[in-house]
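The values are calculated or read from the model by the stated rules, or taken from the named source; none is laboratory data. Small disclaimer: the values here were computed from a predicted structure and weren't measured. All Cβ positions, even for glycine, are placed from backbone atoms using ideal geometry, and neighbour counts span all protein chains on display.
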Amino acid sequence: MDKTHKHSDYLTIQNDKGLRRLIWALMVNVLLTVVQVIGGVVSGSLALIADALHNFSDAISLLIALIARKWAKKPADKKRTFGYKRAELIGAMINLTTLILLGIYLLFEAILRSFEPEPIAGWIVVIIASVALVIDVVTAALTYALAKDSLNIRAAFLHNVADALSSVAVIIAGTLIILYEWYFVDTLCTFLIAGYVLYYGYIEIQSVIRILMQSVPVNIDIIDVTMRLEEIENVQQVHHLHVWELDEHTRSLEAHVVISKADHEAIGKVKGQIKEVLNRSFQITHSTIEFESESEHDVCTYKSVITPH
């Protein structure tokens, strides 16, 4: 058996393990959500219900990420020549939009509860939140290894970390209710959970929107790219430059490059140097370059670096 086949088998095994971990994490989160909702209704704790809804969003997030990740593995075809890689971004957009809506709902419920406080059974809150904390930590451990190369799963992992923090807040609230009957702390914790959910959702959704809008990657200065390319021997000017991300791992570029020598050998040399600079300095692995001679450039309609497509 050759090394390539062995490597392929290893990746298949790793993917199967990752799939099983995600399924286990999903099942555990669904079970936890049911327990938390029942406990929240019985105890009268809005904070516990808030934590349950947040946890349910994690379960949905894992399910969507799982489906999107599998869909994104499909190869390119005649209708989708770029492939299905952006399926994970669509999944992330759905997850984060739902998360923001959930945060708004929790905020609304907390405001209503602050005007109409209700008695809360603190000991039930503490017990269930403690169980939730353990399960959140276990779920985070299950998804940690997979979170390194996927925006969707990384978001799900961070969701679980946030849930763990929420559970800690709920435990503190329940303890204060038992000891001092400070019922307002439950509503306060709900405000804090809602605030964190909204903040986190807002921060993360910006990255997804940026990629879907084909924006320039955050750590790339398009003027710097132009200057670096124009430093290459035989390159006179770079214009009609576009840099974007196909997904969170793939950066692409297209540009018109004016060269002083347009023979086959000169073009091949410049092309190799351009790709080396793009890959080494900007981690751009896919580029499409259109070469122009100086005479062609004189009649080019657009001469600026950034132009309409």
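Can you pull out every residue in segment 171-208 that is more than 26 Å from Asn152 (Cβ to Cβ) and β-branched (Val, Ile, Thr)?
Answer for segment 171-208, where residues must be more than 26 Å from Asn152 (Cβ to Cβ) and β-branched (Val, Ile, Thr): Ile171, Ile172, Thr175, Ile177, Ile178, Val185, Thr187, Thr190.
What tally of residues in segment 186-235 results from selecting those that are aromatic (Phe, Trp, Tyr) and surrounded by 14 or more Cβ atoms within 10 Å (Cβ to Cβ)?
Final tally of qualifying residues: 3.
Give the residue, chosen from Ile60, Ile94, Ile111, Ile135, that is part of a helix (DSSP H, G or I) and in contact (Cβ under 8 Å) with a residue 60 or more places away in the chain.
Criteria check complete, one pass: Ile135.
Determine which member of the set Ala262, Ala266 is in contact with a strand residue (DSSP E or B) (Cβ under 7 Å, 6 or more places away or on another chain), more than 30 Å from Ala155 (Cα to Cα) and part of a loop (DSSP other than H, G, I, E, B).
None of the others qualify; the one that does is Ala262.
With Arg86, Arg20, Arg69 as the choices, which residue is charged (D, E, K, R), modelled with pLDDT under 85 and crowded, with 18+ Cβ neighbours inside 10 Å?
Result of the check over Arg86, Arg20, Arg69: Arg69.
Quick check, is Ala50 modelled with pLDDT of 80 or more and either part of a loop (DSSP other than H, G, I, E, B) or hydrophobic (A, V, I, L, M, F, W, C) (or both)?
It is false that Ala50 is modelled with pLDDT of 80 or more and either part of a loop (DSSP other than H, G, I, E, B) or hydrophobic (A, V, I, L, M, F, W, C) (or both).
Here's the yes/no breakdown for (1) under 15 Å from Ser130 (Cβ atoms); (2) free of Cβ contacts under 8 Å to residues at least 60 places away in the same chain:
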residue: Ser166; (1), (2): yes, no
residue: Val170; (1), (2): yes, no
residue: Gly174; (1), (2): yes, no
residue: Ile178; (1), (2): yes, yes
residue: Tyr183; (1), (2): no, no
residue: Leu188; (1), (2): no, yes
residue: Leu192; (1), (2): no, yes
residue: Val197; (1), (2): no, no
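If you take the residues in segment 196-230 that are among the small types (Gly, Ala, Ser) and assigned to a helix (DSSP H, G or I), which one is modelled with the lowest pLDDT?
Out of the qualifying residues, it is Gly201.
If you take the residues of segment 277-306 that are part of a helix (DSSP H, G or I) and over 25 Å from Ser215 (Cβ atoms), which of them is modelled with the highest pLDDT?
Glu294
Quick one: Glu118 ticks every box in (1) in a loop (DSSP other than H, G, I, E, B); (2) within 15 Å of Cys189 (Cβ to Cβ); (3) modelled with pLDDT of 80 or more except a single one, so which number is it?
Answer for Glu118: the failing condition is (3).
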